[in-house]
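This report refers to the structure that appears directly beneath it.
The values are calculated or read from the model by the stated rules, or taken from the named source; none is laboratory data. In this text, all values refer to a predicted model and were calculated from it rather than measured experimentally. Here the Cβ positions follow ideal geometry from the backbone for every residue, glycine too, while neighbour counts run over all protein chains shown. When the accessible area is computed, the model is the full protein with side chains, heavy atoms only, and any ligands, DNA or RNA have been set aside. Shrake-Rupley method; radii C 1.70, N 1.55, O 1.52, S 1.80 Å.
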Amino acid sequence: MKGTSRPKSNSKKVLVVEDDLGISEVIKIILEDHYYQVIVHNHGTGVLPAIRKNRPHIILLDLWMTGMDGSEIIKKLRANKSMRNIPVVVVSALSEGEAIARKMGADDFLAKPFDINDLVKIVDKYTSA
Amino acid sequence: MSYEDKALGNQVTRKNSIPQKKLGRRTGGKSSSGRKGGLAALQSEKAWGGNSEKWLAGRPEKDQTRLITRFRQQIQHTQKRAAALKYERDLRETILENTKASLAMVDRNFNFLKVNSAYAKSGGFKKHELLGKNYFALFPDEKYRRMFEQACSLGRKVTYPRILLPFPSRSEKETYWDLNLVPVKRGGKIAGLVISCVDVSEDVHSDLEREQLLSQIQKEQAQTARKAAEASRHASELDAVFMALTDPVLIYDARGTLASFNPATLTMLGFDLIGKRFTKVNKTLKMRLLSGAPASFEDYLFLGAIRGKPVTGRIFLITTKTGTDIAVIASASPIINNNRVTGVAVTLHDISERLKLEQQKDEFIAIASHELKTPLTTLKALTQLFRQRSARPERQADYQYFSRFETYLNRLLELVTSLLDVSKVASDNFALKRKMFSFDKFLEDLVNDFQQTETTHCIEVKNSFRGKIYADRDHLAQVITNLLSNAIKYSPQSNAIIIKTTYSPHFLTISIKDFGVGIPDSLRERVFDRFFRIKGPKGERFPGLGLGLYIANKIVKLHGGRMWVRSMEGQGSVFYFSLPLKEVAQLRQPAKK
């Protein structure tokens, strides 16, 4: 339970790009429970500088945000040599979110509302390598 | 005849006195010919002056000789005259007897004096049955009496044309006659009537037939004229409708050439395509499916309808002369004349606006669903978080509360998902994501998950199918979850649900059985309708939107299967759905190698 077998100082960084404060906060709580280092970015703008600055091990990306659309972000990210290998998991409430995520080249998709175990599982999966 | 001539001559020679008397007596016994003799005798007596004996008596011999000579001469003359008269009389008799006309003579009191055979026969009598009888005793008819009296009083021939049986008749046959009444005068007085009847039935009948035919022809002419007028009215009405319709109507002839169209066609399309083949019309309008794929629109419509069956409700995109894209719903009807398809009428209806509205509705629902799900995401995650954090013996109560919290949240989420699904399913904007997967593992996991949050009912699984299926996993789970939720919801008094599978080479059939309120026969078909709800035996309402079965049925149909139900009111229901396995079998072969 709650990843007790993990080392307490999980050095893995998760960048949560999510404009809904409630969701970003709950994701932060859940992942911190699992000793992840969580950085929250609440706007569509300034995402790339935030990535560049924080160098996360994984990005959890919402699709519909004010400022910049998630798909725009992913496009730019993939075009950047130093950042193109950061795994991106799209987290969206859109019913066709999965299709969009695949189309734009995201590594995975998590539908909102999610089961918190699924959230942890998916983050573990892309950061354990 | 010659015998009578001789007899008459001999008697006159042998007995000088009153030969007419003897003659009359001798021949009197004979019915008709005797009468003829009597008549002739009367006439010869008149010629003699009626006193020959007185004339000879007391004359000198020389005178006597001279007188005898003269007498002889007179006799010879009389004989000749009598013969001539006789001849004439016989001729008349012959004519009377042999004429086709029916002739009779009556006296002033209308007793029959003479009838010819034709007359008697016409009425179905024998001559002797009529002779001497009174006409009106046999044939009491005041109308004829008046006619007879009139002829007598007028004293000249009166003709009544085309009279039905104007004589004593036993015949039932409908015959028509021209009736002539000729008064016979004697001594300036009317002594009787000659009645002559000529059968004109054939004329009358043919006239009647002609009249009937004529009236029939006139009737038919009138009817045809009426029909023509009606057709013309109908045609002008149709023409008015055709012209006034705001939807385009294109009329093709049997060979697929555009014969005519209404003004709305030109208004919508902008092209004048008259005389063009349907293939050319297609090309000009760039007929295509909504997806953009080329569609031989009228290939379907024209070629479909020309076979005699209407084609309805096909949706296409077309491009007008101005370059505007229009979505149309098109139908084609065969034009049938005398059981032959002589053309096709194609109608188009612009549904661009409707499609736009539908698209807006879809967008709205997508946004609404997204907006609803966003706060639910936080709520659900927090609830789950707190439940997990309270998973300790000393916080058992909290754990229970959070579990319940989560159950209700999931129900809320299901409703939101249903609303979204129903809009997608209704707009056929519902794409399946089919994959191959093991059915038994899938079912086991699904039921285990379901059972975890289910406290009232125990779900028993009887599955013997070990193969893989090719289906949309999430949506198939949605179907089964929905059927399970319904089974539980509608069987509050029981605690068992049975899931069973059967399969054939072609189909896998899954059934979910409950022991609940059941569905009345009359409503069985309606349970798959949108927003349909079943009430409990006491009229109680069950929670829900009435969308679950509608969506489940649609999902099964999209998989190429079908869903049905068997139910006994008060005993429970069994919902079945089938999934085709044919493609699975094909797909499984290489996987086994």
Query - Burial ranking of peptide ranges B:360-372, A:47-59 (average Cβ count within 10 Å, highest at the top) - result: A:47-59, B:360-372
**Report entry** Which of B:Met436, A:Met83 is most accessible, then next, and so on - probe 1.4 Å
**Finding:** B:Met436, A:Met83
Query - Heavy-atom surface of the range B:431-592, accessible at 1.4 Å and reported per residue (Å²) - result: 54
Report summary line: Eigenvalues of the alpha-carbon gyration tensor of the protein assembly as shown, times 5 and square-rooted, give semi-axes in Å, largest first, of 128, 32, 21
Report task. Quick one: of A:Lys121/B:Lys373; A:Lys112/B:Lys538; B:Lys143/B:Lys189; A:Lys103/B:Lys361, which pairs are farther than 28 Å apart, Cα to Cα? Result -> A:Lys112/B:Lys538
Requested in this report: Compute the relative contact order of chain B as a whole-number percentage, counting only Cα pairs closer than 8 Å that sit 6 or more residues apart in sequence.
Outcome: 6
Query raised in the report: Percent of accessible area on the protein assembly as shown owned by carbon and sulfur, 1.4 Å probe?
Result: 53
Query raised in the report: How much mean residue ellipticity at 222 nm does chain B get from its helices, if each DSSP H run of length 4 or more adds -39500 (n - 2.57) and you divide by all residues, to the nearest 500 deg cm²/dmol?
Result: -17000 deg cm²/dmol
Requested in this report: Mind jotting down the three principal axis lengths of the range B:431-592 based on Cα atoms? Whole angstrom, largest first.
Outcome: 56, 29, 25
Requested in this report: Using Cα pairs closer than 8 Å and at least 6 residues apart in sequence, work out the relative contact order for the range B:97-229, in percent.
Outcome: 24
**Report entry** Cα radius of gyration and Dmax for the range B:356-424 (Å)
**Finding:** 16.1, 58
Query raised in the report: Rolling a 1.4 angstrom probe over the protein heavy atoms, how many square angstrom per residue are accessible across the range B:90-220?
Result: 60
Report summary line: One finds the C-alpha centres of the range B:524-574 and the range B:144-204 to be spaced, in Å, by 94
Report task. Work out the mean other chain Cβ neighbour count within 10 Å for the residues of A:112-119 and drop it here as an integer. Result -> 6
Report summary line: Dividing the mean separation of Cα pairs under 8 Å (6+ apart) by the residue count of the range B:273-404 yields a relative contact order in percent of 14
Query raised in the report: Can you give the accessible area buried between chains B and A, summed over both chains, with a 1.4 Å probe, in Å² to the nearest 100?
Result: 1900
Requested in this report: Report the accessible area of B:Glu525, computed with a 1.4 Å probe over the heavy atoms of all protein chains in place, in Å² rounded to the nearest 10.
Outcome: 150
Report task. At a 1.4 Å probe radius, which order do B:Thr78, B:Thr224 fall into by accessible area, largest first? Result -> B:Thr224, B:Thr78
Requested in this report: Indicate, rounded to the nearest 5 percent, the antiparallel portion of the DSSP beta bridges found entirely in the protein assembly as shown.
Outcome: 80
Query - Area accessible to solvent at B:Leu355, 1.4 Å probe radius, in Å² - result: 40
Query raised in the report: So, in Å, what gap is there between the alpha-carbon centers of the range A:91-129 and the range B:345-370?
Result: 31
Query raised in the report: Using a 1.4 Å probe, how large is the accessible area of B:Met105, given in Å² and rounded to the nearest 10?
Result: 50
Requested in this report: Under 1.5 on a/c is rounded, so check that first for the range B:380-463, then, if it is not, pick prolate when a/b is larger than b/c and oblate when it is not; a ≥ b ≥ c are the square roots of the alpha carbon gyration tensor eigenvalues.
Outcome: oblate
**Report entry** Spatial extent of the range B:465-544: Rg and Dmax, with the Cα atoms as the point set, Å
**Finding:** 14.7, 44
Query - Cα-based Rg and Dmax for chain B, where Dmax is the largest Cα-Cα distance (Å) - result: 57.5, 195
Query raised in the report: What per residue convex hull volume, in Å³, do the alpha-carbon atoms of the range A:30-129 yield?
Result: 96
Report summary line: In the neighbourhood of B:Phe364 defined by beta carbon distances under 12 Å, the net charge of the other residues (Lys, Arg +1; Asp, Glu -1) is -3
**Report entry** Accessible surface, per residue, of the range B:356-424 when the full set of protein chains is kept, probe 1.4 Å, Å²
**Finding:** 59
